[in-house]
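A.B. asks: I have a structure I would like to understand better, so I am pasting it below and will then ask my questions one at a time.
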Amino acid sequence: MPWHQLVGFALAVTPIMLTPGVSATLVVQRVAKEGRSGGFRVAAGTACGLAVHGLTAVLGLAALVAQSAAAFSILKAVGAAYLVVLGVKFIWAASRGRDRRPAAKSPPWTLEGAFAQSLVANVLNPRAASVYLTLVPQFVAPDDALAMTVALVALHIAMQTIWLSLWTMVVSTARRGFSSAPVRRSVEALSGAVLVGIGVRTAVQNASR
């Protein structure tokens, strides 16, 4: 296993991973609402979403999508729509003051759960897809394509999970400032606005191409 390729990939993917995006926003929203466990479920859902992207890369489906501008445009459009809907839902819930009473945690297997929302958001996230469409192929040689792809996918999942877990701990430490209902609603509304902004930006970029 050429370790220099793994190190190179880790260095290349780190700025992408640390750039605030959908998963980091969902961690803030879920930790403010449910506590540390909500953030960890977002990390788990994101990891499974990356595993889906990784599986498509291993099967060669990512290469097919990369060669089809229409397919990638559809992925971006669906992902943008999902983020906008999810963001509007957060804003609406905050405006209604739904968390005046302690909210029951949504079962993780439903679309209301942190795990499912982060899983779907990551699968439909064009930024996550672009890692496997453009970055991974730069570190894969034809003679060890399968093994190296699997290794890079595993490395990316591990790095992303560690980062989101650390981010969960940071946000959880600051959660004492979320103790009042108005502050929690403000955090949820802000998180929703960020998701809407990301979705609109993705849609505009997709339409301009």
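The values are calculated or read from the model by the stated rules, or taken from the named source; none is laboratory data. Everything quoted here is computed from the prediction, not taken from an experiment. A quick note on method: Cβ atoms are made from the backbone with ideal geometry, for glycine too, and the neighbour counts reach across all protein chains shown. Side chains are part of the model used for accessible areas, which takes the heavy atoms of the whole protein and leaves out ligands, DNA and RNA. Shrake-Rupley method; radii C 1.70, N 1.55, O 1.52, S 1.80 Å.
A.B. asks: Just to be sure I understand the filter: pairs with C-beta atoms under 7 Å, separated by 6 or more residues or on different chains, first member in region 69-94 and within 13 Å of Gly197 (Cα to Cα) and open to solvent by 50 Å² or more (accessible area, probe 1.4 Å), second member β-branched (Val, Ile, Thr) and modelled with pLDDT of 70 or more. Which pairs pass?
C.D. replies: Note: pairs meeting the criteria are Tyr82/Val120; Val88/Val196.
A.B. asks: Next question, about the same structure. For region 157-209: of the residues being outside any helix (DSSP H, G or I) and open to solvent by 50 Å² or more (accessible area, probe 1.4 Å), which is modelled with the highest pLDDT?
C.D. replies: Ser208
A.B. asks: Restricting attention to region 13-21, does a residue exist that is on the phi > 0 side of the Ramachandran plot and either at pLDDT below 80 or open to solvent by less than 60 Å² (accessible area, probe 1.4 Å) (or both)?
C.D. replies: No; the residues of region 13-21 include none that is on the phi > 0 side of the Ramachandran plot and either at pLDDT below 80 or open to solvent by less than 60 Å² (accessible area, probe 1.4 Å) (or both).
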